[in-house]
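**Student:** Pasting in a structure now, in structure tokens, and then I'll have a few things to ask.
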Amino acid sequence: MCRVETALRELIGAIMDSPEYQKYGQQLAVMRQYPDLKRQVDEFRHENFLMQRSGESDELFDKMDEFSRRYEDFRKNPLVEAFLGAELDFCRMIQGINQEIVEAVNFE
């Protein structure tokens, strides 16, 4: 195995041992106990993803405002909030790792 592959395996292990990944896994397991709620969370995440990926910046603020109002009560559910918070923390960790790699290798 080459050095990069070895380092990659170590990085994956470190990620999986991280508190962010552990908490995300715990919250995902809880969410899976409630299939209807999991489906609603998945719909929320999908709609949020599509909205953020749309190139319509002129209307994005209004759409995000309407989206936030529509899901305000849904987000107050402690199970939903715990899952989405853990997912966000994990995603930010992965984004940070990716950013550091891209910057370190001067990838443009």
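The values are calculated or read from the model by the stated rules, or taken from the named source; none is laboratory data. Remember, it's a predicted structure, so these values are computed and weren't measured experimentally. Neighbour counts run over all protein chains shown; Cβ positions are idealised from the backbone, glycine included. Areas reflect the complete protein model, heavy atoms only, side chains present, ligands, DNA and RNA absent. Shrake-Rupley method; radii C 1.70, N 1.55, O 1.52, S 1.80 Å.
**Student:** Rank SER18, SER54, SER68 by mean-square fluctuation in a GNM of the chain with C-alpha springs under 10 angstrom and give only the top-ranked residue.
**Tutor:** The residue that fluctuates most here is SER54.
**Student:** Which value at 222 nm does the chain reach when only helices count, each DSSP H run of 4 or more adding -39,500 (n - 2.57), with the total divided by all residues and rounded to the nearest 500 deg cm²/dmol?
**Tutor:** Working: 6 runs with 93 residues, N = 108.
The helix-only estimate for the chain comes to -28500 deg cm²/dmol at 222 nm.
**Student:** Straight distance only, please: which lysines reach the Cα of LYS23 with their own Cα at less than 21 Å, same-chain residues fewer than 8 apart left out?
**Tutor:** Filter leaves LYS38, LYS76.
**Student:** A follow-up question, please. Can you tally the net charge around ALA86? Count Lys and Arg as +1, Asp and Glu as -1, for every other residue whose Cβ sits under 12 Å from the Cβ of ALA86. Mind dumping the intermediate values first?
**Tutor:** Working: positive: LYS23, ARG92; negative: GLU20, GLU81, GLU87, ASP89.
Charge balance near ALA86 sits at -2.
**Student:** If you don't mind, another one. How large is the Kirkwood hydrodynamic radius of segment 26-108, counting all unique pairs of alpha carbons, in Å? Each step should come with its number before you reach the end.
**Tutor:** Details: mean 1/r = 0.0678 Å⁻¹.
Hydrodynamic radius (Kirkwood, Cα pairs) of segment 26-108 is 14.8 Å.
**Student:** Give me the accessible area of VAL30, 1.4 Å probe, in Å² rounded to the nearest 10.
**Tutor:** Solvent-accessible area, nearest 10 Å²: 50 Å².
**Student:** Between MET93 and HIS46, with labels modelled 7 Å along Cα→Cβ, what's the label distance in nm to one decimal, could you check?
**Tutor:** Label-label distance for MET93 and HIS46, simple model: 2.7 nm.
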